[in-house]
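The values are calculated or read from the model by the stated rules, or taken from the named source; none is laboratory data. Predicted, not measured: the structure shown is a model, and the values here were computed from it. Glycine gets a Cβ as well: all are built from the backbone with ideal geometry, and neighbour counts include every protein chain shown.
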Amino acid sequence: MKNLSDVAVVGGGPCGSFCALNMAKKGINVTVFEEHTEIGVPCHCAGHLSINSLKNLGLYPLPRGIIENVFYGAKIYSPSGLEFSVRFASAITCAVNRTLFDKHISHLAEKAGVHYCLSSRVKSLITKDSLVKGVIVEKKGKPVKFFNSLVVDAEGTAYRILRQAGLAPPRIDSFVYCVNAEVENVSDLELDVVEVFLGNNYTPGFYAWLIPKGEDKAKFGLGAKVGNPKTLLQKLMKKHPAASKKLQRAKILRESFHPIPLGGPLLKAYSDGFLAVGDAASQVKPTTGGGVIFGLNCAKVAADVVAEALNKKDFSSKFLSIYQRRFMKLIGFDVKVMLEARRVLDRISDKKLDGFVGFYRKIHLNEGFKDLKEIDFQGQTLLRACWNPRIIAALAYFFTAYLQQTIKG
Ligand SMILES: Cc1cc2nc3c(=O)[nH]c(=O)nc-3n(C[C@H](O)[C@H](O)[C@H](O)COP(=O)(O)OP(=O)(O)OC[C@H]3O[C@@H](n4cnc5c(N)ncnc54)[C@H](O)[C@@H]3O)c2cc1C
């Protein structure tokens, strides 16, 4: 029997480590358990992040080598290959090497005093009268007990530990299944632009991305609600009118597969002695599937709540419910807007998507977005942009088309 620290964190991904870092800064004793032998490996993520949000989290600039590229704009291709592009005055997003990014946050946490146990898989929770009291960790094939005042679950999309805490994981129909590949020999790469490809025949319920790394190299992937992502990626490369021009001769160097929950945060991400953060709490943008920035923001909120709970020695579900209220105050409005947008996008035909892109080109919608700085909190961004006549016209067109389609059935 061991009593290692005040708090056990399950998972050494960015959200687990960032929560641990923020707890350690408050003088809390934290141990992170990571099942793999190395932080950040294997990597499943494209690592496309907003520079502004990283700055707000105190994580930008990043040390040399972590940033692979920065981007001044985006190009979106409709199912028939029509192009809509936006360009900004300054670099707005970056692509990070996720393995190095995760390691960087864990190094910051270690420097702040966090203890890391690698090759340590949390098998189950220790509970007494439904209060979580610690974790049982498998180390070298043997179970070891660690008693803690609180457990922070940052296990990503596994949801094993979350279930044991009596919490409900995201609905199965809220997931998209993704592939992210490293590719070379890509034609006509515009190095400072991220490209997005749409089309229900290629990426049903989501989209595909091309994120240049340099010369002819890029990260390339897609998500889909139905179908095999690997097969769909091949189809996109060979047949999508815009993607095939760039990717027909591309060589896939590596591929990884992983799901993304798009249904918005869990309705309950806490229980007695237990909080969930990051993908484990489904703190992910329902439009783009980006989970790093929302997860890191919520991990910071969790660290504050843990500190207060330890001060008050109150680990009850009732007390910890302030975590849910606080993180929903932070991201709730934006998630609501994005969920609505996702619902509309999920029901729109390829023909209508072509119509949108055509209309947006005609009204020069890109002019309405050129001063954009914030891409994560999309509800607030839309509110701020609503004075712009081009954006009002775009929204009106979008909803009219959606209503027409819904009425037609
Ligand atoms: C293909 C793809 C592309 C993506 N691209 C982007 C992007 O460009 N931008 C963006 O913002 N988001 C992106 N995302 C989402 C992003 O990857 C996640 O939101 C993010 O990784 C969540 O971080 P996390 O720390 O919550 O979970 P994870 O990064 O999944 O980390 C969880 C950690 O917990 C460990 N673990 C799990 N169970 C246990 C256990 N029982 N015991 C010990 N350790 C355990 C795992 O090994 C892992 O290290 C993408 C996702 C996919 C699938």
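For Ile67, all conditions in the list (1) among the aliphatic types (A, V, I, L, M); (2) out of contact with any strand residue (DSSP E or B) (no Cβ under 8 Å at 6 or more places or on another chain); (3) buried (at least 18 other Cβ atoms within 10 Å of the Cβ) hold save one; what is the number of the exception?
Unmet for Ile67, out of (1) among the aliphatic types (A, V, I, L, M); (2) out of contact with any strand residue (DSSP E or B) (no Cβ under 8 Å at 6 or more places or on another chain); (3) buried (at least 18 other Cβ atoms within 10 Å of the Cβ): (2).
Step by step: first the residues of the range 148-164, then only those that are within 21 Å of Val114 (Cβ to Cβ) and touching a Leu at 6+ places or on another chain (Cβ under 8 Å), then the one that is farthest from the ligand (Cβ to nearest atom). Which residue is that?
Ser149
Which condition breaks for Lys111 when tested against (1) within 22 Å of the chain's Cα centre (by Cα); (2) in the same structural domain as Asp153 (by TED's automatic domain parsing); (3) not acidic (Asp, Glu)?
The failed condition is (1).
Out of the residues in the range 273-325 meeting the condition of being within 8 Å of the ligand (Cβ to nearest atom) and in a loop (DSSP other than H, G, I, E, B), tell me which one is surrounded by the most Cβ atoms within 10 Å (Cβ to Cβ).
Val277
Of the conditions (1) away from the ligand (no atom under 13 Å from the Cβ); (2) more than 26 Å from Val183 (Cα to Cα); (3) in a helix (DSSP H, G or I), Ser244 satisfies every one except a single condition; which number is it?
Result: Ser244 passes all but (2).
Considering only residues that are more than 13 Å from the ligand (Cβ to nearest atom) and either within 21 Å of Gly289 (Cβ to Cβ) or among the charged types (D, E, K, R) (or both), which ones fall in the range 47-65?
Answer for the range 47-65, where residues must be more than 13 Å from the ligand (Cβ to nearest atom) and either within 21 Å of Gly289 (Cβ to Cβ) or among the charged types (D, E, K, R) (or both): Asn52, Lys55, Asn56, Arg64.
May I ask you to list the residues in the range 260-282 that are within 19 Å of Arg343 (Cβ to Cβ) and touching a strand residue (DSSP E or B) at 6+ places or on another chain (Cβ under 9 Å)?
Ile260, Pro261, Leu262, Gly263, Leu266, Ser282
Would a scan of the range 235-245 turn up a residue that is within 23 Å of Thr157 (Cα to Cα) and either touching a strand residue (DSSP E or B) at 6+ places or on another chain (Cβ under 6 Å) or at pLDDT below 95 (or both)? Can you show your working first?
In the first step, residues of the range 235-245 are kept if they are within 23 Å of Thr157 (Cα to Cα); the result is none.
No, that holds for no residue.
If you scan the range 19-46, which residues turn out to be in contact with a Ser or Thr (Cβ under 9 Å, 6 or more places away or on another chain), assigned to a loop (DSSP other than H, G, I, E, B) and within 9 Å of the ligand (Cβ to nearest atom)?
Filtering the range 19-46 down to residues in contact with a Ser or Thr (Cβ under 9 Å, 6 or more places away or on another chain) leaves 20-21, 28-45.
Filter once more, so that each one left must be assigned to a loop (DSSP other than H, G, I, E, B): 28-29, 34-45.
Glu34, Glu35, His36, Ile39, Gly40, Val41, Pro42, Cys43, His44, Cys45, listed by residue number.
May I ask you to list the residues in the range 55-89 that are of a type in the set (Gly, Ala, Ser) and under 22 Å from the mean Cα position of the chain (by Cα)?
Of everything in the range 55-89, those that are of a type in the set (Gly, Ala, Ser) and under 22 Å from the mean Cα position of the chain (by Cα) turn out to be Gly58, Gly65, Gly73, Ala74.
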